[in-house]
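Below is one structure, written out as structure tokens; comments come after it.
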């Protein structure tokens, strides 16, 4: 909720109705942020600000301007290619620094990189501007280091667009705009980069509220832009349905100023039920923390940590990349059914059953928890200890068609065992382990991978956020990998594993897209293929019509000959919003979601919008058993760009079938549903 930032924005919002009255663009002689020479010529009077247009018309004008500039037309209007928030920031930058946009940069040599970093609260409201005191704006040299196009090079629009994509980082920046401006050197052009930071010193929160309970909560006290150097330092807390992990996080995407990526995190893990006194045990049980392995509310049940240091493919022209990651984990793994631990039916003298049915007469191989003796039900949880390391090197080829070849080595030790406080009888231990626990093993795997894609990108707005630019890659992409596990290198088994995936995104009119994707993965061991998984998806994002767009996604997933006891689940916030958390599970899954999303309405500093949605899907162990379930609903979306790029999401869903048909389900959280 970014509490302090949001509170100050709300209290000051009433003053913003007439606050953003920065002068419009006008030509000025100076084109450098350094102090001007003595007695510079005075700027001409500013023309009147352009009239406010309806969103749909503004969008058409922007599309036409983008087309003209792409065709290098003499009528190119760079200012018209920007979105509403970008125009406001650019107008203020041009006025403050005295720059004049260069309409014809093509073929000219870049003279200098100009950077203008706006305050978080740039609106002319005293209360809002007061809160800028608690934020250090990104240093100009830090932003300049992220610019792909360098002085001395010929203006290259692709590098300009790549620069904008690099700087459009949701951790640091809300607004980014890059345009050509006139240079003091005849025959040259300067690059103007305008950014607007997200308020960095803050209390960050993300959450999901569903089935009448706060199921997920992420909170951190962080400085997202330490000393204006785009470095994140935070004390974090992540709560899920079963545990709370907390610890420090450090992230620097330009470590030592060498385009190195460094991320370090260390977390202690506490049991949520024991600490907060919530019942996460099986339905119908008191939820005693001893049942899930804890005897004291502040006992630490585990820990995890990771450190990554890499030199990534910093730009499309970068040829080499390398990296190493080391991680450890000692955690309790849990699966949930609704707001309680998922039950497993383990009758004495028989095998355990995982599939849950709501039917009064469950099919063979399934059970109804409400009709099954509670002493024959065991909670789905176990302990996992993991230690792993990965190192790799990447060679990138091509310009119009990018190809990346990776070689690496991965080692992972996984030890899985029942909890010391396993609540079942001795006779139930082995059947439960066979039905629930994944494999314990050491894997030592040299591997190779190949990836290819077309570096074509399209910028659009109002799909996953409001008013801010979003990038989508157009064209095909393909990835394949193969690894060989060898006992000679320390693996428990000799095996081969591989995966193949591909996708193709097609543009649809002005700002829509259609994306098809599919993938398959397998492991060959002891003469058979095991742990097989396949999936495909179709995603549609329509162009905007009548102040709204249609967004739809269909997914299908299947697993077979699986030895890891994995499940595919759907229900509540991962599809079927009208049903309980993970209500449907199995080895086969299908789901589709359709939303009609409105364009945002600007209210003070807020962006508000609505959605209508329909969900359909289901999961089971076989296609024959898979039944489709349906729900419909309405939702509200909101955004405060100064505090985050992520939407607030509030959905009210109505299931159309099952025992809860017609009963509303409320879900609140962050980000778009899909």
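The values are calculated or read from the model by the stated rules, or taken from the named source; none is laboratory data. Owing to the predicted nature of the structure, the values given are computational and were not obtained by experimental measurement. Using ideal geometry, Cβ is built from the backbone for each residue, glycine included, and neighbour counts are taken over all protein chains shown.
Figures for the structure shown
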quantity: Condition broken by residue 59, with the remaining ones in (1) closer than 28 Å to residue 147 by Cα; (2) under 37 Å from the mean Cα position of the chain (by Cα); (3) at pLDDT below 60; (4) not in a helix (DSSP H, G or I) satisfied; calculated: (4)
quantity: Any strands (runs of 3 or more DSSP E) falling wholly within the stretch 429-496 and containing at least 1 residues that are modelled with pLDDT under 95; calculated: 456-460, 470-485
quantity: First in the stretch 64-79 and touching a residue at least 12 places away in the same chain (Cβ under 8 Å) and at positive phi, second anywhere and assigned to a loop (DSSP other than H, G, I, E, B) and surrounded by fewer than 17 Cβ atoms within 10 Å (Cβ to Cβ), Cβ under 7 Å, 6 or more apart; calculated: 72/106
quantity: Residue match in the stretch 502-525 (condition: over 20 Å from the mean Cα position of the chain (by Cα), within 25 Å of residue 616 (Cβ to Cβ), in contact (Cβ under 8 Å) with a residue 24 or more places away in the chain and loosely packed, with under 15 Cβ neighbours inside 10 Å); calculated: yes
quantity: Residues (in contact with a strand residue (DSSP E or B) (Cβ under 6 Å, 6 or more places away or on another chain) and either modelled with pLDDT under 95 or farther than 23 Å from residue 478 by Cα (or both)) located in the stretch 513-528; calculated: 525
quantity: All helices (runs of 4 or more DSSP H) inside the stretch 90-184 with 3 or more residues being surrounded by fewer than 19 Cβ atoms within 10 Å (Cβ to Cβ) and either modelled with pLDDT of 90 or more or in contact with a helix residue (DSSP H, G or I) (Cβ under 9 Å, 6 or more places away or on another chain) (or both); calculated: 126-130, 157-167
quantity: Qualifying strands (runs of 3 or more DSSP E) (wholly inside the stretch 328-422; at least 2 residues being farther than 30 Å from residue 269 by Cβ and within 26 Å of the chain's Cα centre (by Cα)); calculated: 381-397, 402-417
quantity: Subset tally (residues that are in contact with a helix residue (DSSP H, G or I) (Cβ under 9 Å, 6 or more places away or on another chain) and farther than 24 Å from residue 423 by Cα) for the stretch 306-357; calculated: 4
quantity: Qualifying residue in the stretch 475-484 (condition: surrounded by fewer than 19 Cβ atoms within 10 Å (Cβ to Cβ), within 30 Å of residue 440 (Cβ to Cβ), free of Cβ contacts under 8 Å to residues at least 12 places away in the same chain and more than 26 Å from the chain's Cα centre (by Cα)); calculated: no
quantity: Considering residues of the stretch 64-89 that are within 26 Å of the chain's Cα centre (by Cα) and outside any helix (DSSP H, G or I) only, the residue nearest to residue 643 (Cα to Cα); calculated: 83
quantity: Total residues in the stretch 620-665, condition surrounded by fewer than 21 Cβ atoms within 10 Å (Cβ to Cβ) and farther than 30 Å from residue 176 by Cα; calculated: 22
quantity: The stretch 641-670 residues that are without any contact (Cβ under 8 Å) to a residue 12 or more places away in the chain and on the phi < 0 side of the Ramachandran plot, paired with ones that are buried (at least 21 other Cβ atoms within 10 Å of the Cβ) and assigned to a strand (DSSP E or B) (beta carbon under 8 Å, 6 or more apart); calculated: 661/655; 663/655
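Residues checked against (1) at positive phi; (2) in a loop (DSSP other than H, G, I, E, B):
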{"residue": "534", "(1), (2)": "no, no"}
{"residue": "540", "(1), (2)": "no, no"}
{"residue": "553", "(1), (2)": "no, no"}
{"residue": "558", "(1), (2)": "no, no"}
{"residue": "562", "(1), (2)": "no, yes"}
{"residue": "565", "(1), (2)": "yes, yes"}
